[in-house]
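The values are calculated or read from the model by the stated rules, or taken from the named source; none is laboratory data. Only a predicted model underlies this, so the values are computations on that prediction, with no experimental measurement involved. With ideal geometry, Cβ positions are generated from the backbone for all residues, glycine too; neighbour counts draw on all protein chains shown. Quick note on the areas: whole protein, heavy atoms, side chains included, nothing else; ligands and nucleic acids left out. Shrake-Rupley method; radii C 1.70, N 1.55, O 1.52, S 1.80 Å.
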Amino acid sequence: MNITREQIGTLHEQITITFVPEDYQPAVNKSLKDLKNKIQEPGFRKGHIPMGLVNKKYGKSVLVDELSKMTNDKMLDFFKENNINILFEPIEKLDTTVGDFDNPKDFTFTFEIGLRPELTIDYAKAKKIDTYKIIATDEEINTEIHSLRKRLGKFASTEEVAEEDMLLTTVQPEEGEKFTSSLVLTYVKEDQMKEFVGKKLHDEFTIDTTIVFKSDYERSTFLKVKMEELENAPKKVTIKIDAIHHMEPAELNEEFFSKAFPDGSVKDENSLKESVKNQIELRYINDANMVYRNKIMDFLVDNTTVELPDNFIKNYLVRNDNRYNAENIEEQYDNLRKSILFQLLEDKISQDCQINIDRDAVLNYIKDYIRMSYFGSMTEMDKEQEEQVMRLTTEMMKNQENVKNAYQNLFFEKLTEGLKQQINPKTKEMDYQSFIKEVTQTIEEKPKKTKATKTAKAKAQEENNNSEQLSLDF
């Protein structure tokens with residue numbers, strides 16, 4: 001066997017590999033012998049088929065398989081031994097293949113490869129890009145505390161409707177039978193709340209269900225019909241208030257703190273405000289990180305000059321992706337090049353920051369997600385709750401899509417942390433509304449991005465998306 005390497009362009013090489021019969025024949029003979037002991041042929045006992053018949057019937061296909069396997073293995077070994085890092089997979093040049101599978105002797109296979117460029121990132125250039133810390137406002141803190149007090153509060157019957165009450169009603173459609181239904185006023189649009197607030201027990205009035213409710217979900221719940229059946233559901237109905245249930249918020253006393261924070265971490269109003277403030281700001285971290293990370297990646301893509309094996313990449317895409325052909329590859333290539341550079345930069349940052357995510361890290365990420373989503377806390381829980389968390393985590397880990405999403409989110413978290421460590425940026429503090437305003441203004445002021453640049457940016461976001469990513473590895 002012989003392998004040669006020849007440069008044919010910028011980061012573009014040709015690999016030629018030649019096999020003589022002594023290289024492949026032992027493997028072919030072994031495979032045919034193994035096959036002889038497995039196959040069943042009419043007129044022969046299993047394992048007693050003449051080798052001549054086996055070779056005649058299966059020799060060519062076994063030869064093709066063995067040469068294909070040997071080519072792949074030897075080329076991988078060659079890349080490792082010579083420290084060759086490639087983009088995409090090698091392209092086989094079929095028009096230069098030498099050899100006859102019907103009369104096997106010497107075989108020569110030729111491949112094009114694209115070399116991965118060496119990247120050096122000057123992180124100092126990106127220092128002018130600030131990161132964000134979103135601060136919870138007093139209004140947000142008070143709203144969150146009010147919501148928590150209501151969750152731990154008690155229902156009391158009242159005579160007059162107030163916001164956020166729950167009404168037990170008798171509903172009379174314009175056509176059809178009466179029925180009873182509960183109506184939670186949080187289901188009602190803000191500008192329609194006046195239709196209910198101030199009404200008295202036993203009042204009767206008509207509402208338009210297509211206008212009053214926030215969405216089809218709330219309307220279908222009130223009318224007790226499936227969402228797909230709403231088209232034929234009553235529009236205007238008369239309701240009679242049979243009962244008014246008002247949630248009295250819990251008092252901020254020892255009983256409240258022990259129920260809301262059984263771990264004893266919060267015992268008074270000041271520590272409650274601090275705890276709620278931290279929880280609100282924790283929820284904003286992902287948004288702040290995503291914006292910072294996207295700004296950095298956009299900056300690096302726009303300010304990194306690097307050579308790529310352009311001719312190889314074009315050939316590869318035309319050969320392997322039916323979206324591209326010889327006519328359209330040139331006009332689309334600039335955008336594709338930016339997408340490839342984006343991924344190369346991600347890979348380089350991962351190396352520089354030594355990002356490594358194992359299965360245990362994914363498992364712990366999912367456990368923390370469940371703690372927050374189902375129990376609203378990251379603190380230590382009782383034994384029964386911890387068992388529930390583990391059961392749910394085990395179930396989620398069985399779904400590869402969940403594992404993939406958790407890995408991606410962890411990767412983006414670590415990528416952002418790594419960028420901050422490398423760059424040491426200044427931090428701008430602001431409330432969420434100011435953050436949204438600044439980010440929106442920045443987007444509007446930017447030059448219009450090309451489609452592929454947007455696709456590359458989307459790949460850096462936590463949310464699951466359907467954009468395809470080119471695999472750069474062999």
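Ranked by the mean number of other Cβ atoms within 10 Å per residue, highest first, peptides 350-360, 18-28 order as 18-28, 350-360. Once backbone amide H atoms are built at 1.01 Å from N, Tyr132 has Lys428 as its partners under 5 Å, excluding neighbours fewer than 5 places away on the same chain. Ranking Tyr292, Tyr58 by solvent-accessible area of protein heavy atoms (1.4 Å probe, all protein chains present), from largest to smallest, gives Tyr58, Tyr292. About its Cα centre, the chain has a charge dipole of approximately 1520 debye under the convention of +1 per Lys or Arg Cβ and -1 per Asp or Glu Cβ, with nothing else charged. Close Lys pairs in the range 154-228 (alpha-carbon distance under 17 Å; sequence gap of 8 or more, or different chains): 6.
So which of Lys259/Lys404; Lys30/Lys80; Lys404/Lys428 end up more than 30 Å apart by C-alpha?
Values: Lys259/Lys404 36 Å; Lys30/Lys80 27 Å; Lys404/Lys428 32 Å.
Pairs exceeding 30 Å: Lys259/Lys404; Lys404/Lys428.
Taking every DSSP bridge with both residues inside the chain, close to 90 percent are antiparallel. Rounded to the nearest whole Hz, the Karplus-based 3J(HN,Hα) values (6.51 cos²θ - 1.76 cosθ + 1.60, θ = phi - 60°) of the range 175-184 follow the sequence 9, x, 7, 5, 8, 9, 7, 9, 10, 8, with x at glycine and proline.
Looking at [x] 53; [y] 26; [z] 17, which value of percent of Cα pairs over 39 Å apart comes from a calculation on the structure shown? Calculated percent of Cα pairs over 39 Å apart: the matching label is [x]. Pairs of Cα atoms nearer than 8 Å and 6+ residues apart set the relative contact order; for the chain it is 19 percent. Secondary-structure-derived ellipticity at 222 nm for the chain, considering helices only, amounts to -16000 deg cm²/dmol, per-run term -39500 (n - 2.57) for DSSP H runs with n ≥ 4.
Taking a point 7 angstrom from the Cα of Thr10 along the C-beta vector, which residues in the range 313-355 have backbone N less than 19 Å away? Of the residues in the range 313-355, 313-318, 329-345 have backbone N under 19 Å from the label point off Thr10. Here the 3J(HN,Hα) profile of the range 117-134, calculated from phi with Karplus coefficients 6.51, -1.76 and 1.60 at θ = phi - 60°, is x, 7, 10, 10, 9, 8, 5, 4, 5, 8, 5, 6, 8, 7, 9, 10, 10, 8 Hz, Gly and Pro shown as x. Compared with the direct C-alpha span, the chain from Ala156 to Lys57 gains 27.1 nm at full extension, assuming 0.36 nm per residue.
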